[in-house]
1. For segment 96-185, give the magnitude of the charge dipole about the Cα centre (Cβ charges: +1 Lys/Arg, -1 Asp/Glu; no others), in debye to the nearest 20.
2. Placing +1 at every Lys and Arg Cβ and -1 at every Asp and Glu Cβ, with all other atoms neutral, what dipole size does the chain have around its Cα centre, in debye to the nearest 20?
3. Near the amide H of Thr70, under 5 Å away, which other amide H atoms are found, from residues 5 or more places off or on another chain, if H is placed in the peptide plane?
4. Please give the solvent-accessible surface of Leu73 in Å², to the nearest 10, using a probe radius of 1.4 Å with every protein chain present.
5. What are the ³J(HN,Hα) couplings of segment 163-169, residue after residue, when phi is run through the Karplus curve with 6.51, -1.76, 1.60 and θ = phi - 60°? Round to Hz, x for glycine and proline.
6. Percent relative contact order of the chain, based on C-alpha pairs within less than 8 angstrom and at least six residues apart?
7. For segment 96-102, in order, what is each residue's ³J(HN,Hα) by Karplus, 6.51 cos²θ - 1.76 cosθ + 1.60 with θ = phi - 60°, in whole Hz (x at glycine and Pro)?
8. Along the charge dipole of the chain, Cβ charges K/R +1 and D/E -1, which of Ala142, Gly159, Ser88 sits furthest on the positive end?
Amino acid sequence: PSFDETAVMDFFTTSTRNLLGYEIAAGVTHHVALSPVATERLLESGYFQARCAQERLIKDSTVPYSIVRTTPLFESLEQIADVATHDSVVRVPPVLVQPVAAGDVVRFVATIATGPPLNGTIEVGGPEPFYLDGLLQRVLGASDDPRRVVADAHARYFGAQVGERSLMAGDEAELGEIRFDDWLC
């Protein structure tokens, strides 16, 4: 994977165009896509620009669709720390995050995929909020990772400046059931 702006844009637009083309040829009647929560609000980031372009291609296609936007997965928290690491210090913005277990997302996507297309977007989040720095410290501590996590108001999230609630699911979101402490054990 690359977060280079050109590479990530090429990947998401090319793969989505290819999938949609094959779906049209095959008569697919429901395209389901996963995308991150806050995609349209974090356009400073090439990654989020690419995800937004992917969503536009899906919406503009003739294939009926459902877009499922998720908060960060529990399973991706170490990757978030890796991207934010400089000289063994993890610098992240002091923001709330509402992570969700991949298992909860899979169950929700299965329900969406076997139902009628939404021709819209729905959000999925975890059952509880955390401050990102404290959450990453717990994840790294559980694996005896020696990196220090620091809340830094100037730190960016995958290249984007985020507000305190940018990584939270909206009020109408579906919420997973698996709690972080249960997942971590």
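The values are calculated or read from the model by the stated rules, or taken from the named source; none is laboratory data. Source: prediction; values computed, not measured. Cβ coordinates were reconstructed from backbone atoms using ideal geometry, including for glycine residues, and neighbour counts include every protein chain displayed. Surface areas here come from the heavy atoms of the whole protein model, side chains and all, with no ligands, DNA or RNA. Shrake-Rupley method; radii C 1.70, N 1.55, O 1.52, S 1.80 Å.
1. On the way: 7 positive and 14 negative charges, 59 e Å.
My answer is approximately 280 debye.
2. Numbers: 14 positive and 26 negative charges, 65 e Å.
Computed about the Cα centre, the dipole is about 320 debye.
3. Amide H neighbours of Thr70, under 5 Å, 5+ apart: Ser35, Val37, Val124.
4. 50 Å²
5. Ordered by residue, 3J(HN,Hα) equals x, 4, 10, 4, 9, 9, 6 Hz.
6. On the way: 343 pairs, mean separation 49.6, N = 185.
Relative CO of the chain lands at 27 percent.
7. 7, 9, 10, x, 9, 6, 4
8. About the Cα centre, the residue reaching furthest to the positive side is Gly159.
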